[in-house]
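Asks: Let me begin by handing over the structure; questions about it come next.
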Amino acid sequence: QVQLEESGGGLVQAGGSLRLSCAASGSIFRINAMGWYRQAPGKQRELVATITASGVTDYADSVKGRFIISRDSAKNTLYLQLNSLKPGDTAGYSCNADIKINWHSPSRTYWGQGTQVTVSS
């Protein structure tokens, strides 16, 4: 069984920073791409950033230059550094990962439960 667990959310003032973590645990053979998504109340979930196994990153236009996605493959952990936060960044942030649990099975996507980020003005 594979689990993803986020941490690091909280309440921060506009202009502040937070660092989110997403730790993968369980029966893991290989982790491929990983990503962060967010969903604000009344809005659809949106992609924030992704990172491939080789470290290639991509960002939503709304967070480019402010957020940084990274991963520590040795720790099976994904990070998101949130800088210059705005009230519009307020949302529940979730991570996902494309994971193979053994060499002969296809990979599948796993999701964490999410962590809340609230930015006050």
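The values are calculated or read from the model by the stated rules, or taken from the named source; none is laboratory data. Given the structure is predicted, the values throughout are model-derived calculations rather than measurements. Using ideal geometry, Cβ is built from the backbone for each residue, glycine included, and neighbour counts are taken over all protein chains shown. Accessible surface areas use protein heavy atoms only, side chains included; no ligands, DNA or RNA. Shrake-Rupley method; radii C 1.70, N 1.55, O 1.52, S 1.80 Å.
Asks: Can you find a residue that is of a type in the set (Phe, Trp, Tyr) and in contact with a helix residue (DSSP H, G or I) (Cβ under 9 Å, 6 or more places away or on another chain) anywhere in segment 59-68?
Replies: yes
Asks: As an exercise: evaluate Thr109 against (1) assigned to a strand (DSSP E or B); (2) touching a Ser or Thr at 6+ places or on another chain (Cβ under 8 Å); (3) open to solvent by 30 Å² or more (accessible area, probe 1.4 Å) and give the number of the one condition it does not meet.
Replies: The one condition Thr109 does not meet is (2).
Asks: For the list (1) outside any strand (DSSP E or B); (2) surrounded by 12 or more Cβ atoms within 10 Å (Cβ to Cβ), I need the number of the one condition that Cys95 fails.
Replies: With respect to (1) outside any strand (DSSP E or B); (2) surrounded by 12 or more Cβ atoms within 10 Å (Cβ to Cβ), Cys95 is out only on (1).
Asks: Right, Ser84: of a type outside the set (A, V, I, L, M) and either open to solvent by less than 40 Å² (accessible area, probe 1.4 Å) or touching a residue at least 40 places away in the same chain (Cβ under 8 Å) (or both) or not?
Replies: Yes, satisfied.
Asks: Could you check segment 12-26 and list, in sequence order, the residues that are assigned to a loop (DSSP other than H, G, I, E, B) and either open to solvent by 30 Å² or more (accessible area, probe 1.4 Å) or closer than 23 Å to Val2 by Cα (or both)?
Replies: Scanning segment 12-26 gives Ala14, Gly15, Ser17.
Asks: Out of the residues in segment 27-80 meeting the condition of being among the hydroxyl-bearing types (Ser, Thr, Tyr) and more than 13 Å from the chain's Cα centre (by Cα), tell me which one is most open to solvent (accessible area, probe 1.4 Å).
Replies: The residue in question is Ser54.
Asks: In the set Ala49, Ala53, Ala33, which member is without any contact (Cβ under 8 Å) to a residue 60 or more places away in the chain and either out of contact with any strand residue (DSSP E or B) (no Cβ under 7 Å at 6 or more places or on another chain) or assigned to a strand (DSSP E or B) (or both)?
Replies: On inspection, the qualifying residue turns out to be Ala49.
Asks: Looking only at segment 56-90, how many residues end up being more than 15 Å from Trp36 (Cβ to Cβ), not in a loop (DSSP other than H, G, I, E, B) and not charged (D, E, K, R)?
Replies: The number of residues fulfilling the criteria is 4.
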